[in-house]
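Worksheet: the structure to be examined is printed underneath.
The values are calculated or read from the model by the stated rules, or taken from the named source; none is laboratory data. Since we're looking at a predicted model, the values are computed, not measured. We place every Cβ from the backbone using ideal geometry, glycine too, and count neighbours over all the protein chains shown.
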Amino acid sequence: MVRRILLVVIPASLYFFSHFHRVNMNVIADDLMNDFMASATLIGLLSSMYFYFYAFIQIPIGTLNDTVGPGRTMFLFSILSILGVIIFALSTNIYVAMIGRILIGIGVGAYWVSGLKLFSEWVGGENYASVSGMLASSGYLGAIAATIPFAYMVLLLGWRAALILIAIIMIIPTLTCWFIAKPAGNRKDGKSTVRLVDIGHVLRDEGFLLLSFWMIFNYSSAMVYQGIWGIPYIMQIYGLDKALASGILMLAPISGFLCAPIFGFVSDRILHDRRKVIVFATTLNITSWILLTLRTNSLSIFELYLVSALTGASISAIPISFTIIKERYPSRIYGTVSGIYNMLPFVSAALYQPITGYILDSFKHDNIYPVQAYRFMYLFLLVSNIIALISSILIKTRK
């Protein structure tokens, strides 16, 4: 019983930090621009290092999960993430900070796919979406911690000391990974065989391609707002301080935290239809971009909170898409396939952050980003999400 509890708690504890580091740049973006004398484009590039290398490592992590096991994989990569946080916190220039950000992206890149692989070995199919939703919720808790709580940590300690403290806290769940390092009972020698021909069939499958398009365009647009430009936008256009802007953004992960298990339960127990949940979630994201595009500088405080809630809820359906993958493909290659699938949105998110930074810089005047800069950026995100919606409508959940 204790080990089964650890099988859920440990991956969830680690995945908390995956989301924390994914979006904490939102809080310290202004500090980094001042300390490193960097432009929005360069800070966008720095932030994107997480996504590039998170994406790059997904296929190797998926293969390691299918061969050496998810427990050992999480332990080794978590050590890298802690090292990356320390390097980032102690960096004297933006190039050293990039090295730290790269190691963070590589290290935390193991948590989600390894957790899902672990659950696939121990959790029945009728509960898989629900348990995956719980794992996702732990990530949203991390994103919540990266808003107001982290903002106050930065105000109290400074951004460098705050990150060092986070690195120390990460050591605890990392060490406990050894408790779940033993292979599951259905993997007698802890090894599995991944055939390239199977992966080739997956990559040519129409269902996988549609899911990938949905994931890429839905997730990347949300991460632009939640991960880097949401707080600067609210502070600059509405004149609010960082604490209040962080509070508004905090509603995004709170919404995701609440909606992820609900979407999983509805998918497993009520609708028994994964696609309908994904389509509904995508329409929430589109609604937020319509509001931000048409009323960039005229939203009420309530509407700013609403936008954050909608973007958070929209990406909380992502665990449902991994459930579709689990149901479509053989379990022996699930780790590798989910690694490939999980790689794609992070490549696109890495591209979106400097691209949107460039859009903002294109309108920059006297070191200020005007309303039209943000409006054009949100229009770009709206078009992206329309593509995501079309893809979600065409998805077929089973072969």
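I'd like the full set of residues that are assigned to a helix (DSSP H, G or I) and either in contact with a strand residue (DSSP E or B) (Cβ under 7 Å, 6 or more places away or on another chain) or farther than 18 Å from residue 51 by Cβ (or both), limited to region 326-350.
At the first step, the residues of region 326-350 found to be assigned to a helix (DSSP H, G or I) are 326-328, 331-350.
Passing the criteria: 326, 327, 328, 331, 332, 333, 334, 335, 336, 337.
Being at pLDDT 90 or above, part of a helix (DSSP H, G or I) and not aromatic (Phe, Trp, Tyr): is that true of residue 353 here?
No; evaluated as a whole, the condition is false for this residue.
Against the condition buried (at least 24 other Cβ atoms within 10 Å of the Cβ), farther than 21 Å from residue 347 by Cα and not aliphatic (A, V, I, L, M), how does residue 84 come out, does it pass? Quick ask: steps written out before the conclusion?
Values: buried (at least 24 other Cβ atoms within 10 Å of the Cβ): yes; farther than 21 Å from residue 347 by Cα: no; not aliphatic (A, V, I, L, M): yes.
The answer is no for residue 84.
Looking at region 138-151 only, could you name the residues that are at pLDDT below 90 and not small (Gly, Ala, Ser)?
Across region 138-151, the qualifying residues are 140, 141, 144, 147, 148, 149.
Looking at (1) in contact with a helix residue (DSSP H, G or I) (Cβ under 6 Å, 6 or more places away or on another chain); (2) over 17 Å from residue 219 (Cβ atoms); (3) aromatic (Phe, Trp, Tyr), find the lone condition where residue 263 falls short.
(2)
Quick test for you: out of 94, 79, pick the one residue that is touching a residue at least 60 places away in the same chain (Cβ under 8 Å), surrounded by fewer than 24 Cβ atoms within 10 Å (Cβ to Cβ), within 14 Å of residue 17 (Cβ to Cβ) and not acidic (Asp, Glu). Show your work before the answer.
Numbers: 94 fails: within 14 Å of residue 17 (Cβ to Cβ).
Result of the check over 94, 79: 79.
List pairs: first residue in region 288-304 and modelled with pLDDT of 95 or more, second residue of a type in the set (Asp, Glu) and part of a helix (DSSP H, G or I) anywhere in the structure, Cβ distance under 7 angstrom, at least six positions apart or on different chains.
From region 288-304, the pairs are 291/303.
Hey, among the residues in region 230-246 that are within 19 Å of the chain's Cα centre (by Cα) and small (Gly, Ala, Ser), which one's farthest from residue 357 (Cα to Cα)?
Among them, the one singled out is 246.
Pairs, please: C-beta under 8 Å, at least 6 apart or cross-chain, first residue more than 26 Å from residue 349 (Cα to Cα) and β-branched (Val, Ile, Thr) and in region 105-133, second at pLDDT below 85 and assigned to a helix (DSSP H, G or I)?
Correct list of pairs: 123/131.
Please go through region 259-286 and pick out each residue that is surrounded by 18 or more Cβ atoms within 10 Å (Cβ to Cβ) and not hydrophobic (A, V, I, L, M, F, W, C).
Within region 259-286, 261, 264, 267, 268, 274, 275, 282, 285 qualify.
Under the condition of being at pLDDT below 85 and of a type in the set (Ser, Thr, Tyr), which residue from region 10-46 is surrounded by the fewest Cβ atoms within 10 Å (Cβ to Cβ)?
Among those residues, the one meeting the criterion is 39.
It is to be established whether one or more residues within region 365-377 are buried (at least 21 other Cβ atoms within 10 Å of the Cβ) and under 20 Å from residue 275 (Cβ atoms).
Going residue by residue through region 365-377, those that are buried (at least 21 other Cβ atoms within 10 Å of the Cβ) are 369, 373-374, 377.
Retained after the next criterion (residues that are under 20 Å from residue 275 (Cβ atoms)): none.
Scanning region 365-377 turns up no residue that is buried (at least 21 other Cβ atoms within 10 Å of the Cβ) and under 20 Å from residue 275 (Cβ atoms).
Taking region 236-247 only, how many residues are in contact (Cβ under 8 Å) with a residue 24 or more places away in the chain and surrounded by fewer than 24 Cβ atoms within 10 Å (Cβ to Cβ)?
Of region 236-247, the ones in contact (Cβ under 8 Å) with a residue 24 or more places away in the chain are 236-238, 242-243, 246-247.
If we keep only those that are surrounded by fewer than 24 Cβ atoms within 10 Å (Cβ to Cβ) too, we end up with 236-238, 242-243, 247.
Count: 6.
Quick one: which of 323, 311, 336 is hydroxyl-bearing (Ser, Thr, Tyr), out of contact with any His (no Cβ under 6 Å at 6 or more places or on another chain) and more than 20 Å from residue 205 (Cα to Cα)? Show your work before the answer.
Details: 323 fails: more than 20 Å from residue 205 (Cα to Cα); 336 fails: more than 20 Å from residue 205 (Cα to Cα).
Among 323, 311, 336, only 311 is hydroxyl-bearing (Ser, Thr, Tyr), out of contact with any His (no Cβ under 6 Å at 6 or more places or on another chain) and more than 20 Å from residue 205 (Cα to Cα).
When both residues are 6+ apart or on different chains and their Cβ atoms are under 8 Å apart, which pairs have a first residue that lies in region 359-379 and is in contact (Cβ under 8 Å) with a residue 40 or more places away in the chain and among the hydrophobic types (A, V, I, L, M, F, W, C), and a second that is surrounded by 21 or more Cβ atoms within 10 Å (Cβ to Cβ) and not in a helix (DSSP H, G or I)?
Within 8 Å, the pairs are 360/369.
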